[in-house]
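Only one structure is covered here, and it is reproduced in the block below.
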Amino acid sequence: MATDTGSGGQSLSNEVLNLAADKARRYARDIAERRVSPSETGLAALAELHEPFPPSPSDPSDVIARLDQIGSGATAATTGARYFGFVNGGIVPAALAANWLAAAWNQNAALRVMSPIAAELEEVVLRWVCEALGLPPECAGGLVTCATMANFTALVTARYALLAREGWDVTADGMFGAPPIEVIVGAEAHSSVLKALSLAGFGSKRVTVVEADGQGRMRADKLPRLSGRTIVCIQAGNVNTGAFDPAGEICKAAREQSAWVHVDGAFGLWARISRRYEHLTQGFDQADSWATDAHKWPNAGYDSGLAIVRDGAALRASMGMTAAYLEPGSRREPMHHTPEASRRARGVELWAALKSLGRAGLCALIERTCAHAQRFAQGLREFGFEVLNDVVINQVLVSFGRPDVTREVIRRVQEDGTCWCGGTVWQGKTAMRISVSSWATTETDVERSLHAMLRIANECRAL
């Protein structure tokens, strides 16, 4: 059925939007009681999607009905309350509703003239995030897809700034023949940082790795000699243990030598908003750039990464682009702060999430999920299972004994569907990782999930 462009088409558009809204409302309503992982039946239905490219148009309502019929059953219930994998946050109600509105707006957030609302909201949320995280008010930033791209954006900016000090314009002359830059990371640096470094032209063999302690924190006493051509990448919230690098010591040493400090703070950086946990983040405001995600702890929905840089001129010089038809205005232009030009207005959902939560709500979300993590750790220890990390924020690592037993527990937990947790290997030990990140998780959800974990673990003890 071809899409009607007349008045009948408007009626059809309303019909399909109402259908989609009904399907979405039903999905959100039922998410609390459905399996967290898709069923085998739901996964098997995906095979129906593999068909030849349709030779003729389809009725939009049929398309949405088909998408819901096959797609909804093949989702992981990350918007629910018992998904504890990959530090994936949920989505607060205001952000979900704003996402629907933003999709209807269909804005291109490249330039202010393309979308005044998108440009304005980006300015607002970047200022709010800096206020919330206690970062310098003069910082500039950009909204990107994820922490990987945020790390990339910040590291390319650092590359530009350090080489500019040496009289080298990397945007014009590239990296061939450029003065060498030393990059330092901790032994437990996240793979997104390593990928970003690779994309920025810093090969893995050129990266200096500093020893980490038993919780994954970079050892400041093991730092090599720094210089004005050094980038030090530190971590706010280890993805396994939740631990924080000693930012104060590292930033002090870096400042003395004019080195650049970059923070990978995908989720942990948000702990700065809580008086209960801000002590873990002391010194991180002294860095030169920061990467974080709003689709993790703030629960703004996917996708929502942020790159924040103290040196706004270096950010714009690194990310800016010129063309006769892309003449910028006198105010901040979004496309000159990120690798992308055309992109969706992801600041809409972030604004809605932060506006609805406010400082107190965001603080409560963070403290509540951290308390849930403590309860998981307590319950697992009480039944004799080994918690491998100091549970400082929302991450719990647990071993159920032999590696094969732990892997079997993880498999059965995922198959059971009550909750979802992933596996990892931490300093040679196979472990299940519990990441509590969703605003929707309640004490009842924790107890229900803990009961399922312990039941399955006890069944596997005899293996």
task = Determine, from the Cβ-Cβ distance of LEU17 and ARG219 and an R0 of 60 Å, the FRET efficiency 1/(1 + (r/R0)^6), rounded to the nearest 0.05.
result = 0.60
message = For the chain, what does the helix formula give at 222 nm: sum of -39500 (n - 2.57) over DSSP H segments with n ≥ 4, over the residue count, nearest 500 deg cm²/dmol?
response = -13500 deg cm²/dmol
request  = Taking the Cα centre of the range 178-315 as origin, sum charge times position over the Cβ atoms of Lys and Arg (+1) and Asp and Glu (-1), and report the length of that vector in debye to the nearest 20.
outcome  = 100
note = Among LYS205/LYS296; LYS222/LYS429; LYS252/LYS429; LYS252/LYS355; LYS222/LYS252, the pairs whose Cα-Cα distance exceeds 26 Å are LYS205/LYS296; LYS252/LYS429; LYS252/LYS355
query = Is the shape of the range 71-221 best called rounded, prolate or oblate, per the rule: a/c under 1.5 gives rounded, else a/b larger than b/c gives prolate, else oblate, with a ≥ b ≥ c the square roots of the Cα gyration tensor eigenvalues?
reply = oblate
remark   = Once normalised by the length of the chain, the mean sequence separation of its alpha carbon contacts under 8 Å that are 6 or more apart gives a contact order in percent of 21
ask   = Based on the Cβ-Cβ distance of SER227 and THR75, what FRET efficiency does E = 1/(1 + (r/R0)^6) give at R0 = 41 Å, to the nearest 0.05?
value = 0.25
message = Projecting each Cα onto the charge dipole of the chain (Lys/Arg +1, Asp/Glu -1 at the beta carbon, about the Cα centre), which of PRO54, ILE434, TYR27 comes out farthest on the positive side?
response = ILE434
key: ARG407 paired with VAL113, simple spin-label distance in nm, labels 7 Å along Cα-to-beta-carbon   = 5.9
DSSP H segments from the chain that extend 24 Å or more along their own axis, Cα-based, with Kyte-Doolittle mean of 0.5 or above = 116-133, 147-165
key: Nitroxide proxy distance, nm - points 7 Å out along Cα→Cβ at ARG368 and ALA44   = 3.9
task = Determine which residues of the range 20-37 fall in the zone a paramagnetic label at THR442 would reach in this model, i.e. backbone nitrogen under 18 Å from the point 7 Å along Cα→Cβ.
result = 28-36
query = Got a sec? Charge dipole of the range 207-311, +1 on Cβ for Lys and Arg, -1 for Asp and Glu; which of ALA266, GLN286, GLY216 is way out at the positive end?
reply = GLN286
query = Using a simple spin-label model with points 7 Å from Cα along the Cα→Cβ vector, what separation in nm is obtained for PHE86 and GLN378?
reply = 3.1
task = Quick one: which residues, 5+ away or cross-chain, put their amide H under 5 Å from the amide H of TYR277? H built at 1.01 Å from N.
result = none
Charge dipole (debye, nearest 20) of the range 61-185; +1 at Cβ of Lys and Arg, -1 at Cβ of Asp and Glu = 340
inquiry  = If the only charges are +1 at each Lys and Arg Cβ and -1 at each Asp and Glu Cβ, what is the size of the charge dipole of the chain around the Cα centre, to the nearest 20 debye?
reply    = 800
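Values in this text are rule-based calculations from the coordinates and carry no lab data. Just so we're clear, the structure is a prediction, and the values are computed from it rather than from any experiment. Cβ coordinates were reconstructed from backbone atoms using ideal geometry, including for glycine residues, and neighbour counts include every protein chain displayed.
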